[in-house]
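Step one of this worksheet: look at the structure below.
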Amino acid sequence: ADGTILQVVRFMDGDLTASAVPGLAHLADDRLVENPPAPPITDLDSLPFPDVDAIAVAAYRDRLNLVSSRPYFTVQASRGCPFRCGFCFSGNCGYMPYRSRSPENVLDELIFLVEKRGVRYVAFQDDVFGFKPGHAEALSEGILARGLRFGWSVILHPTSFAGRQREVFALMQRAGLNAVNYGAQSSSPEVLAGIGRSRKEPEILRESLVAADELGLFSSIEYIFGLPGDTRETMAENIRFACASKATIGNFHGLQLLEGIPITDRVASGEDVLPDEALVRKMVRQAFVKFYASPQRMMRLAGLGWRGVMG
């Protein structure tokens, strides 16, 4: 949309016709017309940085991330997703391939945010941070070399940095990382395979959460209940895994069927059958209760609570 929005402005100013704007839906003779989308931007380094001065950065933060601070800003080091999970729109949108900014370009934005605008916390909003080999390490080393001091968080895949989690986390932590977020989705190898994920994810994720805990990183895990193949037993296994893990916080919710994703199409065709909705709601409630009933977890959250309230 970055280039398209400029053409929308030209259309509103009367310099272009509606049919000339890629990605625009408009009326023509009382008929809805959807123009073909614009091609994806392949060189993300060519984009200007967001206009920080247009935003009250000191007014915002992520209250679920109890180790975030104000002034707070979000950054994307990449766009698109390299995975094709059956429940998700992002990786299944053909015109949104995975693309990465160069570490140098991301570092330039971070320098501007921290040194020129006083930002103290950056939440990276990549679908999967650091997927490109060496990108996370290069960026962390650049932050350290410039002496930038700010906290930051990332969204990771359960298999991110497999076999090297502690090494990479330690480097990123020295550069300011203090929070990692995982979309676990399921602890059942069979359910994971059914949504296009790896059967090995639970074991790799367990290792990642242990490494994060040993380094004192804030960690969150997220599960989707009600996926194809889910049963009372598989959802109970999600709860057991989450409760036994070293995750700081957990989030559990039911599957949402979105237009254009594989699961929605397979459910409509009868290829996939979803579990009973009442059972899913019951297991979600049970997951929240059991996860947060842990005295050790609640003590840790209580210790973070005042910082979380004050930001």
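The values are calculated or read from the model by the stated rules, or taken from the named source; none is laboratory data. Please read these numbers as outputs of a predicted model, since none were measured by experiment. Quick reminder, even Gly has a Cβ in these numbers, built from the backbone with ideal geometry, and neighbours come from all protein chains shown. To get the accessible areas, we keep the full protein, side chains included, count just its heavy atoms, and leave off ligands, DNA and RNA. Shrake-Rupley method; radii C 1.70, N 1.55, O 1.52, S 1.80 Å.
Taken about its Cα centre, the chain carries a charge dipole of about 1440 debye when Lys and Arg each add +1 at the Cβ and Asp and Glu each add -1 at the Cβ. Rolling a 1.4 angstrom probe over the protein heavy atoms with all chains in place gives the chain an accessible area of 51 Å² per residue. Answer with one residue from G147, G130, C93: the one whose Cα lies farthest towards the positive end of the charge dipole of the range 1-152, charges on Cβ with Lys, Arg +1 and Asp, Glu -1. The residue sitting farthest along the positive end of the dipole is G147. For the chain, a Gaussian network of Cα nodes joined below 10 Å ranks N251, N178, N65 by mean-square fluctuation, and the top entry is N251. Full extension of the chain segment joining R164 with A54 gains 35.6 nm, where the gain is 0.36 nm per residue of separation less the Cα-Cα distance. With a Förster radius of 22 Å applied to the beta-carbon distance between L64 and A236, the computed FRET efficiency rounds to 0.30. Here the spin labels are modelled as points 7 Å beyond Cα on the Cα-Cβ line, and at I5 and L32 they lie 2.4 nm apart.
Using the average count of surrounding beta-carbon atoms within 10 Å as a protection proxy, the listed peptides 73-79, 118-124 rank, highest first, as 118-124, 73-79.
For the chain, give the percent of accessible area contributed by carbon and sulfur heavy atoms, probe 1.4 Å, rounded to a whole number. Percent of accessible area from carbon and sulfur atoms in the chain: 56. Counting only lysines at least 8 places from K290 when in the same chain, those with an alpha carbon closer than 28 Å to its own are K200, K246, K282. For the chain, with the dipole built from +1 on Lys and Arg beta-carbon atoms and -1 on Asp and Glu ones, taken about the Cα centre, which of N65, Q76, L274 lies farthest toward the positive end? Comparing the listed Cα positions along the dipole, N65 ranks first. For the chain, adding -39500 (n - 2.57) for each run of n ≥ 4 DSSP H residues and dividing by the number of residues yields -11000 deg cm²/dmol at 222 nm. The protection proxy used here, the mean number of other Cβ atoms lying within 10 Å of each residue, ranks peptides 134-140, 27-33, 294-300 as follows, highest first: 134-140, 294-300, 27-33. What you get for the range 130-211, charging only the Cβ of Lys and Arg (+1) and of Asp and Glu (-1), is a dipole of about 160 debye around the Cα centre.
Isolated cysteines in the chain, defined as those with no second cysteine Cβ under 4.7 Å, comprise C81, C93, C243. Need one word for the range 186-290: rounded, prolate or oblate. Basis is the Cα gyration tensor (sqrt eigenvalues a ≥ b ≥ c); a/c below 1.5 gives rounded, then a/b vs b/c decides. Prolate. Sorted on the mean count of surrounding Cβ atoms within 10 Å across their residues, most packed first, peptides 224-234, 268-278 read 224-234, 268-278.
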